[in-house]
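This report concerns only the one structure given below.
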Amino acid sequence: MQLKTILNSLERHKSFVYQEARWADPQTKTAIEIPIQPRANSRAICSGCGQAAPGYDRLAERRFEYVPLWQIAVYFVYALRRVNCPRCGVRVEQVPWCDGKHQLTTTYRWFLAGWARRLSWKEVAEAFGTTWQNVFRSVKHAVLWGLAHRDLSGIASIGVDEVQWQRGHKYLTLVYQIDSGSKRLLWIGKDRTSKTFLRFFRMLGKERSGKLKFICSDMWKSYLKVIAKKASQAIHILDRFHIMQKMNKAIDEVRAGEARQMKADGLEPLLKHSRWCLLKRPENRTDKQSVKLADLLRYNLRTVRAFLLKEDFQLFWTYTSPHWAGLFMDAWCRRTMRSRIEPMKKVARMLRNHRELLLNWFRAKKQISGGIVEGFNNKANVTTRKAYGFRTFRAAEVALYHTPGALPDPPIAHRFW
Ligand SMILES: [Zn+2]
């Protein structure tokens with residue numbers, strides 16, 4: 001069996017013919033070349049308009065990299081024709097195995113992009129003897145294709161989150177679809193301003209935005225504003241994860257302040273190594289942390305009182321009726337406002353200011369299948385960790401769409417990866 005026979009069964013092009021394969025260099029035998037010729041009497045297709053056009057001239061031979069065979073590089077070799085198109089003028093012809101000025105064939109690009117879902121870009125480049133840039137370009141090509149071909153109909157629930165990336169206060173806005181049948185990253189924007197989030201709604205379009213039923217977010221003001229404006233019909237939910245995150249931040253602030261105070265007053269450093277036993281969920285505490293916590297609870301510290309307030313608040317999430325949950329919250333806020341612990345009072349004020357949006361959590365819980373909201377946050381966390389390492393927004397965007405984006409792949413005859 002010859003290579004061209006295999007190629008013809010993998011991807012046959014009706015206007016082009018594969019020739020005999022040969023070594024690029026018979027001495028080193030490191031690459032295979034497969035020359036291609038246009039089929040006799042076939043007319044070249046203008047790359048400007050996609051129509052057949054009369055020939056003009058022929059460019060020098062070029063190599064187009066194909067999927068390597070047995071770790072041997074494979075190249076198609078072809079001299080592109082130019083056409084004199086009545087509509088576009090003199091243009092280079094369009095060929096089915098490659099588009100634009102790319103050196104890599106389309107199949108090879110999909111091949112690299114497919115592996116880039118399983119391995120890091122660096123590993124893909126090493127495994128297949130190509131460059132990081134080529135892998136990046138291939139993934140970008142797959143992402144652009146996927147974005148253009150994805151189906152955005154039927155989106156009912158979305159979650160928006162800001163994630164920090166790089167050092168300093170740099171943020172990305174991520175929007176996820178969180179419907180039970182379809183969970184995916186929908187959109188990525190630079191920064192976390194209203195302007196950023198407005199761009200998402202522009203992408204989604206008025207009609208689809210009008211069909212949103214649930215939107216999950218944290219209390220970031222810019223997001224709240226945009227949601228109220230662009231999808232007022234949707235139930236807007238402030239979710240558990242973000243609220244508890246705020247509470248943990250408050251406790252941490254109280255602890256740090258009190259520990260400093262105790263040190264200044266020359267008291268025993270009771271709060272040393274107490275950070276994680278105060279912040280972790282009970283099921284995640286180590287034995288040592290549980291002992292430390294039990295010990296700490298014997299003291300009448302502001303930190304301990306703040307911690308107990310948080311623990312009490314956990315009960316809030318177990319309610320089913322928004323009405324009773326609301327009453328519980330009001331009582332909790334009153335108690336906290338009397339606590340004289342400023343960071344916790346700040347949390348209480350914030351909860352009061354967003355009472356309705358918080359109670360929407362219970363309204364939504366009844367209507368959408370459980371775990372969606374939590375699932376969304378898990379996904380966001382994984383993405384955050386991954387996003388942190390990218391140096392440019394473009395690279396982060398491409399990488400994030402490529403995996404959690406759940407973008408479609410093209411229908412092709414042979415799956416190489
Ligand atoms: Zn044309």
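The values are calculated or read from the model by the stated rules, or taken from the named source; none is laboratory data. Source: prediction; values computed, not measured. Cβ sites come from the backbone with ideal geometry, for glycine too, and all protein chains shown count toward neighbours. When the accessible area is computed, the model is the full protein with side chains, heavy atoms only, and any ligands, DNA or RNA have been set aside. Shrake-Rupley method; radii C 1.70, N 1.55, O 1.52, S 1.80 Å.
With both labels modelled 7 Å from their Cα along Cα-to-Cβ, the LYS122 to ARG298 distance reads 5.0 nm. The shape of the stretch 186-266 comes out prolate: with a ≥ b ≥ c from the C-alpha gyration tensor, a/c is at least 1.5 and a/b beats b/c.
Cysteines in the chain that lack a partner Cβ within the 4.7 Å cut-off: CYS49, CYS98, CYS216, CYS277, CYS333. For the stretch 178-199 versus the stretch 257-312, the spacing of their alpha-carbon centroids is 37 Å. Distance between Cα centroids, the stretch 84-118 to the stretch 314-366: provide it in whole Å. The distance from the Cα centre of the stretch 84-118 to that of the stretch 314-366 comes to 57 Å. Accessible surface comparison of LEU267, LEU185, probe 1.4 Å, protein chains only, largest first: the order is LEU267, LEU185. For LEU357, the accessible surface of its heavy atoms amounts to roughly 40 Å² (probe 1.4 Å, protein chains only, rounded to the nearest 10).
Classify the stretch 130-183: rounded, prolate or oblate, from the alpha-carbon gyration tensor (a ≥ b ≥ c, eigenvalue square roots; a/c under 1.5 rounded; otherwise prolate if a/b is larger than b/c)? Oblate, since a/c reaches 1.5 and b/c is not below a/b. As I understand it, the value is the acute angle between the Cα axis of helix 287-296 and the longest principal axis of the Cα atoms of the chain; what does it come to in degrees, rounded to 10? That works out to roughly 30 degrees.
The order of VAL17, VAL254 by accessible area, most exposed first and with a 1.4 Å probe, is VAL17, VAL254. Computed packing ranks the peptides 118-130, 135-147 as 135-147, 118-130, most packed first, by mean other Cβ atoms within 10 Å. Our summary of shape: the Cα atoms of the stretch 12-145 have principal axis extents of 47, 39, 23 Å, ordered from largest down, in whole angstrom.
For the chain, the share of DSSP beta bridges that are antiparallel, to the nearest 5, is 75%. Which shape class applies to the chain: rounded if a/c is under 1.5, otherwise prolate when a/b exceeds b/c and oblate if not, where a ≥ b ≥ c are the square roots of the Cα gyration tensor eigenvalues? The shape class here is prolate. Summarising the strand pairing of the stretch 1-117, around 80 percent of its internal DSSP beta bridges are antiparallel. Summarising the label geometry, the points placed 7 Å from Cα in the beta-carbon direction at ARG363 and THR318 lie 2.6 nm from one another.
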